[in-house]
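Structure record follows, encoded as structure tokens.
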Amino acid sequence: MPSPSTSSRRSAETLAPTYPPKAPSPLFTGRCFCALTTFAVTALPTRSYICHCTDCRQFSGSSFHHMAVFPASSVTITTLQSSPKLFPAIAGLSIGSSITAFGEPGHGTRQFCTKCGSSLFMTVPDSIEEMRGSVIIGVGSIDGSESDERLRPRYEGFCKRREAWMREVEGAVESEEW
């Protein structure tokens, strides 16, 4: 049987906070094609969807863009030229020579790798209230996304532009527009 002093020491140790506070473990990690830029996400997506709009098709270089929306404060980005930075600190900005942004903060931006050209992150106009304070990440850049049910699209936008040969996503809410 432990002595009273050992027992009270253990309970004090378990109650004492850690300094500095331990960062939450990432739920998702990912990278651009050349791995110059990596990212970690500590929250679940607030939405996972497929968009068939012209802008998303052109940005992704595909017939649609599969994306996941995360709180910007849960995304940490690291490049080979910089230390880790939370997404809000770089929204709409370029980081060194690794990430370039297209667009204007408040009106929507798209960030991509300057070395390999990978589409990385996106923000939407502030007028879209439910997405304010969020960062959108292309699901294809997230490690292990092909087998992660948490990233399955639950919404499909601009279905009027869906390729004729493509079927709708089973169980996803569909919209002709946004």
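For the stretch 31-42, filtering for residues that are over 9 Å from the mean Cα position of the chain (by Cα) and on the phi < 0 side of the Ramachandran plot leaves 8.
Residue count for the stretch 153-173, restricted to those that are among the charged types (D, E, K, R), outside any loop (DSSP other than H, G, I, E, B) and loosely packed, with under 14 Cβ neighbours inside 10 Å: 1. Kindly indicate whether Ala101 is surrounded by fewer than 18 Cβ atoms within 10 Å (Cβ to Cβ), modelled with pLDDT under 80 and under 17 Å from the mean Cα position of the chain (by Cα). The answer is no for Ala101.
Val124 - would you say it is touching a His at 6+ places or on another chain (Cβ under 8 Å) and under 27 Å from Leu36 (Cα atoms)? Break it down stepwise before answering.
Values: touching a His at 6+ places or on another chain (Cβ under 8 Å): no; under 27 Å from Leu36 (Cα atoms): yes.
Answer is no for this residue.
Looking at Glu149, is it surrounded by 14 or more Cβ atoms within 10 Å (Cβ to Cβ) and of a type in the set (Asp, Glu)? Here the answer is no, as Glu149 does not meet what is asked. The set of residues from the stretch 159-173 being closer than 20 Å to Glu149 by Cβ, without any contact (Cβ under 8 Å) to a residue 40 or more places away in the chain and of a type outside the set (Gly, Ala, Ser) comprises Arg167, Glu168, Glu170, Val173. Taken together, the residues in the stretch 111-144 that are polar (S, T, N, Q) and in contact with a Cys (Cβ under 6 Å, 6 or more places away or on another chain) amount to 1.
Within the stretch 118-152, the set of residues being assigned to a loop (DSSP other than H, G, I, E, B) and under 20 Å from Ser74 (Cα atoms) comprises Asp126, Ile128, Arg132, Gly133, Asp143, Gly144, Asp148, Arg152.
Does any residue of the stretch 138-151 turn out to be within 19 Å of Ser62 (Cα to Cα), basic (Lys, Arg) and modelled with pLDDT of 90 or more?
Taking the stretch 138-151 and keeping what is within 19 Å of Ser62 (Cα to Cα), we get 138-142, 145-146, 151.
Applying the additional criterion that residues be basic (Lys, Arg) yields none.
The answer is no, given that none of the residues of the stretch 138-151 is within 19 Å of Ser62 (Cα to Cα), basic (Lys, Arg) and modelled with pLDDT of 90 or more.
The values are calculated or read from the model by the stated rules, or taken from the named source; none is laboratory data. A quick note: this is a predicted structure, and the numbers were derived from the prediction, not measured. FYI the Cβ positions are ideal-geometry reconstructions off the backbone, even for glycines, and counts take in every protein chain you see.
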